[in-house]
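Accompanying notes for the structure given below.
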Amino acid sequence: MARKPVSATQPDVAQPQYKVEYREIQPFGTLKALPLALKDNARTQSVATLNQVLVDIMTLRDMYKKHHWQMSGATFYQLHLLLDKHYEEQAELVDMIAERIMALGGISIAMAADVAEMTTIPRPPKGREDVPSQLSRLLEAHEIILRQAHEGADAADEAGDDGTNDLLVSNIIRTNEPQVWFIAEHLAETQLVRDNK
């Protein structure tokens, strides 16, 4: 059976309508009303805390990838693999945090320009640094995030936001603390080779 050709009066339904007027449906900083059994001030506080942790974890995640690519020296292979592993773990946290923010009815930060504007982690240079500088920067970033997570967990607990408290403790703190340990041990001043005399 032959198909009828599309006439000038009948629109082509397969044609994507890609030219649309852009429309924001929820402004940043607002909350949707959701039946979560949480007070709005608790949700507002948690969303603000989580967005700050989110942008700093996105920054740390990207620092891990930068240092993974730019690693050098005698422990190149081991650190190259370790930093990529930590990158993947931080990337998982990014998704968890953003989804928690959205589940609370808020809006998560998502774009690089907003992350760069909001992060509290000092920006590394564009160039390549030596291993102690790279690892020290990572440890400084972890400390910033862990401080935020501890303070945020306490505040969420006081506000009755058990979900945010759990995320901050069970995921953020419990992922970042072992990463600190693994990175810090690489800065111990031990010799790679020693004379047995």
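The values are calculated or read from the model by the stated rules, or taken from the named source; none is laboratory data. These numbers were taken from a predicted model, which means no experiment stands behind them. Using ideal geometry, Cβ is built from the backbone for each residue, glycine included, and neighbour counts are taken over all protein chains shown. Just so you know, the surface numbers come from the protein's heavy atoms only, side chains and all, with ligands and any DNA or RNA stripped out. Shrake-Rupley method; radii C 1.70, N 1.55, O 1.52, S 1.80 Å.
General remarks:
- Within the stretch 154-194, being in contact (Cβ under 8 Å) with a residue 40 or more places away in the chain, under 19 Å from GLU89 (Cα atoms) and among the hydrophobic types (A, V, I, L, M, F, W, C) holds for LEU167, LEU168, ILE172, VAL180, PHE182, ILE183, ALA184.
- Number of positions in the stretch 99-124 that are within 11 Å of LEU54 (Cα to Cα) and open to solvent by less than 20 Å² (accessible area, probe 1.4 Å): 3
- Within the stretch 70-81, if we keep just the residues that are under 15 Å from PRO132 (Cα atoms) and among the aliphatic types (A, V, I, L, M), the residue that is modelled with the lowest pLDDT turns out to be ALA74.
- Inspection of the stretch 186-196 identifies no residue that is at pLDDT 95 or above and aliphatic (A, V, I, L, M).
- In the stretch 122-134, residue farthest from LEU79 (Cα to Cα) [restricted to those that are in a helix (DSSP H, G or I) and free of Cβ contacts under 8 Å to residues at least 60 places away in the same chain]: SER133
- Of all residues in the stretch 141-197, exactly one satisfies the criterion of being farther than 17 Å from ILE57 by Cα, among the aliphatic types (A, V, I, L, M) and crowded, with 21+ Cβ neighbours inside 10 Å, namely ALA156.
- The stretch 93-105, residues that are out of contact with any Gly (no Cβ under 9 Å at 6 or more places or on another chain) and touching a residue at least 24 places away in the same chain (Cβ under 8 Å): LEU93, VAL94, MET96, ILE97, ALA98, ILE101, GLY105
- Residues satisfying the stated conditions in the stretch 106-121, i.e. of a type outside the set (A, V, I, L, M), in contact (Cβ under 8 Å) with a residue 12 or more places away in the chain and assigned to a helix (DSSP H, G or I): ASP114
- Here VAL94 passes the criteria (1) closer than 19 Å to ARG43 by Cβ; (2) under 11 Å from the mean Cα position of the chain (by Cα); (3) outside any loop (DSSP other than H, G, I, E, B) except the one numbered (1).
- Among the criteria (1) part of a helix (DSSP H, G or I); (2) out of contact with any helix residue (DSSP H, G or I) (no Cβ under 7 Å at 6 or more places or on another chain); (3) over 25 Å from ARG123 (Cβ atoms); (4) open to solvent by 30 Å² or more (accessible area, probe 1.4 Å), the one GLN45 does not fulfil is (2).
- GLU129 vs. criteria farther than 18 Å from ALA153 by Cα and open to solvent by 80 Å² or more (accessible area, probe 1.4 Å): no
- Unique residue being of a type in the set (Asp, Glu), assigned to a helix (DSSP H, G or I) and closer than 22 Å to HIS68 by Cα when the list is GLU143, GLU151: GLU143
- Matching option when the condition is open to solvent by 40 Å² or more (accessible area, probe 1.4 Å), under 30 Å from ARG137 (Cα atoms) and either out of contact with any Pro (no Cβ under 6 Å at 6 or more places or on another chain) or part of a loop (DSSP other than H, G, I, E, B) (or both), among ASP12, ASP62, ASP56: ASP62
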